[in-house]
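> Here it is, the structure, as structure tokens.
The values are calculated or read from the model by the stated rules, or taken from the named source; none is laboratory data. Bear in mind that the values here come from a model prediction, so they are computed numbers and not experimental data. Because the Cβ atoms are built from the backbone with ideal geometry, glycine has one as well, and the counts that use them run over all protein chains shown. Please note that ligands, DNA and RNA were not included when accessible areas were found on the heavy atoms of the full protein model with its side chains. Shrake-Rupley method; radii C 1.70, N 1.55, O 1.52, S 1.80 Å.
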Amino acid sequence: MRLYINIDHVATVRQARMTIEPDPVRAAVLAELGGADGITVHHRIDIRHVSPRDVELLMRTIRTGLNLEISSRERMVNYAAGVAPMAVTLVPESRQEVTTEGGLDLGETEVRRSVANALKRFADEGIRSSLFIDPDLEAIDHAAALQADAVELHTGEYANALSSYEKADELTRLVRASEYAHGAGLAVHAGHGLTYENVVPVAALPCIEELNIGHSVVSRAIFTGLERAVRDMRAIVDASPSRVARPGEWVHPIGF
Ligand code: PXP
């Protein structure tokens, strides 16, 4: 299981004062020292937190890989192709949202068209592509037809579920979607809203190979420091049941 740490919210704190600290580039180095397999940032069109300067310096500084989240608009696709990160994740973007609110609506012809153009460009440039989608089979069918390299399953509904019944339902949805996407030949990632408290059942899903986690880790870092916060998350993810069980011994995590 690869653990990518999203450091957007380090930039959010910086932008609260429009100053130069805390620097997301320093944060990325500490995240790597804590055991992150890669760094994720969302370069929004409105440059609300992460800036082109951050992306440029991250590319020159980090020793792992950069996963650049962008919208599929042509301007951002051209920008990402110029940056040439290890991977690009296409996400929906709207101006009013506090955070990414749902997966790409691949049922919409216009969305499919712009995603298809973006994927073609990234394939030509040799950049790995991922589509952030809700854990629905229809969305996975679209992603497979579009020949994305990977899908990132939106775990927000799972994270926000309040009752244990609702949580179990959402987890079942993630189980099905991850198996279905894996069966369709897509690499399967997951992220959004994952925390130290809720990550284990998702990290235990055998078809998921990468997690993207940001807010919870940056929040904990205020108290523990970022390197320690990443190390703690790393330990939890690595100790999740299917990661320590021998093949064939995996137990469905529902009922946690
Ligand atoms: N994956 C995607 C596509 C996201 O947009 C975000 C939030 O920026 C995350 C993962 C990380 O979510 P969180 O900050 O809630 O861990």
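> Which cross-chain or sequence-distant (5 or more) residues have an amide H under 5 Å from the amide H of Arg128, H modelled 1.01 Å from N in plane?
The list, which skips near neighbours in sequence, is Val88.
> Of Pro85, Pro22, Pro241, which has the largest mean-square fluctuation in a 10 Å C-alpha GNM of the chain?
Among Pro85, Pro22, Pro241, the largest mean-square fluctuation in the Gaussian network model of the chain belongs to Pro22.
> Mean separation of Cα pairs under 8 Å and 6+ residues apart, divided by the residue count of the chain: what relative contact order is that in percent?
Working: 475 pairs, mean separation 48.5, N = 256.
This gives 19 percent for the chain.
> Quickly estimate the mean residue ellipticity at 222 nm for the chain, helices only: each DSSP H run with n ≥ 4 gives -39500 (n - 2.57), and the total goes over all residues, rounded to 500. The partial results should precede the final answer.
Working: 12 runs with 123 residues, N = 256.
It comes out at -14000 deg cm²/dmol, rounded to the nearest 500.
> How large is the accessible surface per residue of segment 33-83, computed with a 1.4 Å probe and reported in Å² as a whole number?
Details: 2080 Å² over 51 residues.
Value returned for segment 33-83: 41 Å² of accessible area per residue.
> Probe radius 1.4 Å, ligands and nucleic acids left out: which of Asp124, Asp238, Asp232 has the largest accessible area, and how do the rest follow? Numbers along the way, then the final one.
Details: Asp124 105, Asp238 75, Asp232 35 Å².
Most to least solvent-accessible, the answer reads Asp124, Asp238, Asp232.
> While we're on this one: Of all the C-alpha pairs in the chain, what % are more than 30 Å from each other? It would help to have the intermediate numbers written out before the result.
Numbers: 7490 of 32640 pairs.
Percent of Cα pairs beyond 30 Å in the chain: 23.
> Further, regarding this structure: Taking a probe of 1.4 angstrom, what is the accessible area of Asp149 in Å², to the nearest 10?
We get 70 Å² for Asp149.
> Send over the Kirkwood Rh of segment 1-145, from the inverse of the averaged 1/r over different Cα pairs, rounded to one decimal Å.
15.7
> From the backbone phi of segment 208-221, what are the Karplus-calculated ³J(HN,Hα) couplings (6.51 cos²θ - 1.76 cosθ + 1.60, θ = phi - 60°) in whole Hz, Gly and Pro given as x?
Taking θ as phi minus 60°, the curve returns 8, 10, 8, 10, 10, 10, x, 4, 5, 6, 5, 4, 5, 4 Hz for segment 208-221.
> Using unit Cβ charges (K, R positive; D, E negative) and no other charged atoms, how large, in debye to the nearest 20, is the dipole of segment 41-100 about its Cα centre? Working shown, then result.
Values: 8 positive and 7 negative charges, 29 e Å.
Dipole magnitude for segment 41-100 comes out near 140 debye.
> At 1.4 Å probe size, with every protein chain present, just tell me what the per residue accessible area of segment 182-226 comes to in Å².
In whole numbers, segment 182-226 has 36 Å² accessible per residue.
> While we're looking at this one, here's another question. Bin width 10 Å, alpha-carbon pairs only: give the P(r) of segment 92-240 as whole percents, running from 0 to the bin holding the largest distance.
Here the calculated profile for segment 92-240 is 11, 37, 35, 15, 1.
> Using a 1.4 angstrom probe on the protein heavy atoms only, line up Tyr165, Tyr158, Tyr79 by accessible area, largest first. Show your work: numbers first, answer last.
Numbers: Tyr165 180, Tyr158 5, Tyr79 60 Å².
Order by accessible area, largest first: Tyr165, Tyr79, Tyr158.
> Could you rank the peptides 184-196, 56-68 by their average count of other C-beta atoms within 10 Å per residue, with the highest value first?
Values: 184-196: 20.5, 56-68: 16.9.
Ranked from most to least packed, the peptides come out as 184-196, 56-68.
> Taking all pairs of distinct Cα atoms, average 1/r, flip it, and tell me the Kirkwood hydrodynamic radius of segment 62-163 in Å to one decimal place.
On the way: mean 1/r = 0.0714 Å⁻¹.
Result for segment 62-163, one decimal place: 14.0 Å.
> Right, next: Carbon-plus-sulfur fraction of the accessible area of the chain, 1.4 Å probe, in percent?
Numbers: 6380 of 12140 Å².
That share works out to 53 percent.
> Using the Cα centre as the reference, give the magnitude of the dipole from point charges on the C-beta atoms of the chain (Lys, Arg: +1; Asp, Glu: -1; all else neutral), rounded to the nearest 20 debye. Each step should come with its number before you reach the end.
Numbers: 26 positive and 36 negative charges, 163 e Å.
Taking the Cα centre of the chain as origin, the dipole is about 780 debye.
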